[in-house]
Structures are given as structure tokens and as C-alpha cells.
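Below: one structure, written as C-alpha cells.
Nothing in this text is a laboratory measurement; each read-out follows from the coordinates by a stated rule. Everything numeric in this text was worked out from a predicted model, so none of it was measured. FYI the Cβ positions are ideal-geometry reconstructions off the backbone, even for glycines, and counts take in every protein chain you see.
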Amino acid sequence: MNKPANATAQAPQTQNTEQLQLVSFSVANELFAVDILRVQEINRMMALTKVPQSPPSVEGVINLRGRIIPVLDLRVQFGFQKQEATEQTRIIVIEVSGNTLGFIVDSVREVMRISSSIVDPAPQVGTSIDSSYVSGVAKLEDQLLIMLELENLLSPESLNSITSMKAAA
């Protein structure tokens, strides 16, 4: 009987000391992050090819070394006002649900390591974006860091549409 109790007692300690390595970026003056292992690359903004009848947040596709990659504008996805690209605008190429997608962000901030102990569960209210997009919120010294739940960013219908776009392109 003692073994299960000890195993349970050790689990929270391991969880609290776990280090998360994240890529942080800004969208509409909010700070977001994704697990660095999900990020394939980060590119400067480039010309996008528009695809008719694509979901509203899909800006178009890019040809990245022979691969056709749909690119979504996170400002549109999160319901923020659309903005023209600047010198800091980047496309983060990420793997989501078996698909490679590009996300347009206002700027990439840094690669950071944080302790999982400073991450709280996603709040149900009080954020300007859909709470299903948020896996957790970390309290940094001067700002909140919103950690994205990548699988929830796109509805199954949007993912199917994106897969169809890649096949058509």
C-alpha cells in the first residue's frame, strides 16, 4: 500500500520542477508562446498566394522548399484588428494535428525556459481570445504569457479545408 502513496507524492514534485522551453511571440500587444519542439522554423514575411474559398483566417499559402504550407493570420484567428505586415512580422512554421502550418505573428520575442510551476490553467473568462485556444497562462515579471493549445486553434472543418487547399495547390 505504501508504494502507490509514495509514487503519488513524487509526481507533483517532478511536475513542479519541469522546465518548459518555449518560443514567445506577440500578437496585438499580447504575449503568446508555443512549445519549441512544435516550431519547425521562423521566417520573415513573404509573398502569399491567395486561395479562393479558404477559411477567413487563412491568408494564403507559401512554397517553402517545395512544400505548400497554408498560412494563418493569428490576429484574424483571435479576433483582433488586421494589421499590415511590418519589418518585425514573422511566419512561424508549426506542426498542428499532423499538418504543417504557418502562423503570421507581429513579432517573435525570444526562446525562453520557464518552470511549469508558474503556469496556471487557462482562465475561463477574462482573456480577449477564445479560452479553448489557451493551454495555460504563465506569470512573468512584467506580463502574462499565454500558452497556446495548438490543436484547438482550428476547427475540424478548418483543418479539413486546409488539407484540401494543400491538395489543390
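What to note about this one:
- Between region 93-121 and region 31-48, the alpha-carbon center distance in angstrom: 8 Å
- Value of D in µm² per second that Stokes-Einstein yields for region 19-168, Kirkwood Rh from Cα pairs, at 10 °C (1.306 mPa s): 101 µm²/s
- In range of the label at Thr49: residues from region 59-78 whose backbone nitrogen is under 20 Å from the point 7 Å along Cα→Cβ: 59-73
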